[in-house]
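Here is the structure we will look at.
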Amino acid sequence: MANTRTVTIINGDGIGPEVMAATVRVLEALKVPLDFEYKDAGTEVVAKYGTNLPHETVEAVLRSGIALKGPTGTVVGGGLPSANVGLRKRLDLYSSLRPVKSVPNVKTRYENVDLVVVRENTESLYAGLEHIIVPGVVESLKIITEKASTRIARFAFEHARKHGRKKVTAVHKANIMKLSDGLFLDCCRKVGREFPEITYEEVIIDNLCMQLVKDPTRFDVLVAENFYGDVLSDLCAGLVGGLGVVPGANIGERTAVFEAVHGTAPDIAGKGIANPTALMMSAVMMLDYLEHTEAARRMESAIWKVYSSGEVRTGDIGGKATTREFTDAIIAAL
């Protein structure tokens, strides 16, 4: 029997607990040697802990090295800093990995989309270094370092090599930001030379947005600094049906957090009608990361099978199934 691995489970807010319960049911049906340890984070636990990211939750993820996380809410323009950003910083989860793939039977304007957005998670404009110079004038600093840029470039190329992908596209605006984005590109070029079998190209961010909307199938792995990567990963999700059907992971040297990247959907929370696909697909990524490859393929094919048959669909993709009915169908398809 393989060694049992502990996974820290963070339910999150809104529909989080429902989609998590559904996902854990599928993982249990797969009989993978995993132990689940539940910890809290999000706006709904602030009253209990005085924070949306309790210290013991961070400690638990540091111990287990792996977490599966539901969506957590953040107040726009005030309140506590985002629990997601806090987790990324405390665990140094420097890489955001967002595979975007067409889902069978989910009608969008595109078919055969299969690309990966690799986003640097720790710096750029999201370093949060803003100050008021004089009233009415605010300065926001964009930080780009050689260390972080090289690390994310290496992650992108290694991911491409490991998954048999042919091309890495570095996303930039170095025509305007010659020093900061110039440094990012220098780092990507240097790393790219170590991977001669992978085609390397550079595309300016605004042009890339147009190219993606015209023909997303010409791209493979996109690597970008934090701000561009944030925008691109949601744009790409829209090409295949939205955040409800794409997985996400934030990966560091020693820890990884796999999470649904959609919102908390408070309007449908507690009604049992949420679509757990995004979190289930994130769990597939987690199984791959833990090298439970066979279980990952079984879970993935079960999800694709249910989508292909089109008989059991949740409301967000034009069906009437509840979360439980959808999950039952996936377990039956295993």
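Observations on the model:
- Scanning region 158-197 for residues that are out of contact with any Ser or Thr (no Cβ under 8 Å at 6 or more places or on another chain), more than 22 Å from S233 (Cα to Cα) and of a type in the set (A, V, I, L, M, F, W, C), we see that the one that is most open to solvent (accessible area, probe 1.4 Å) is L179.
- Matching strands (runs of 3 or more DSSP E) fully within region 81-157 where at least 2 residues are open to solvent by 40 Å² or more (accessible area, probe 1.4 Å) and of a type outside the set (A, V, I, L, M): 130-134, 137-140
- For region 14-53, a residue qualifies if it is touching an Asp or Glu at 6+ places or on another chain (Cβ under 7 Å) and open to solvent by less than 20 Å² (accessible area, probe 1.4 Å), and exactly one does: G42.
- Pick from region 253-278, criterion under 10 Å from the mean Cα position of the chain (by Cα) and open to solvent by less than 20 Å² (accessible area, probe 1.4 Å), ranking: farthest from G16 (Cα to Cα): V257
- Test for R88: is it within 25 Å of P17 (Cβ to Cβ), of a type in the set (D, E, K, R) and under 15 Å from the mean Cα position of the chain (by Cα): yes
- Failed condition for V203, given (1) open to solvent by 30 Å² or more (accessible area, probe 1.4 Å); (2) more than 21 Å from the chain's Cα centre (by Cα); (3) over 21 Å from L93 (Cα atoms): (1)
- When the residues of region 221-252 are filtered to those that are crowded, with 18+ Cβ neighbours inside 10 Å and of a type in the set (D, E), the one that is nearest to L115 (Cα to Cα) is D230.
- Being part of a helix (DSSP H, G or I), surrounded by fewer than 21 Cβ atoms within 10 Å (Cβ to Cβ) and at pLDDT 95 or above holds for only one residue in S308, S301, and it is S301.
- Complete set of residues in region 55-80 that are closer than 20 Å to T23 by Cα, in a loop (DSSP other than H, G, I, E, B) and either among the β-branched types (V, I, T) or not assigned by the TED database to the domain that holds I10 (or both): T72
The values are calculated or read from the model by the stated rules, or taken from the named source; none is laboratory data. Owing to the predicted nature of the structure, the values given are computational and were not obtained by experimental measurement. For neighbour counting, all protein chains shown are included, and Cβ atoms are generated from backbone atoms with ideal geometry for every residue, glycine included. Heads up: the accessible areas ignore ligands, DNA and RNA and are worked out on the full protein's heavy atoms, side chains in. Shrake-Rupley method; radii C 1.70, N 1.55, O 1.52, S 1.80 Å.
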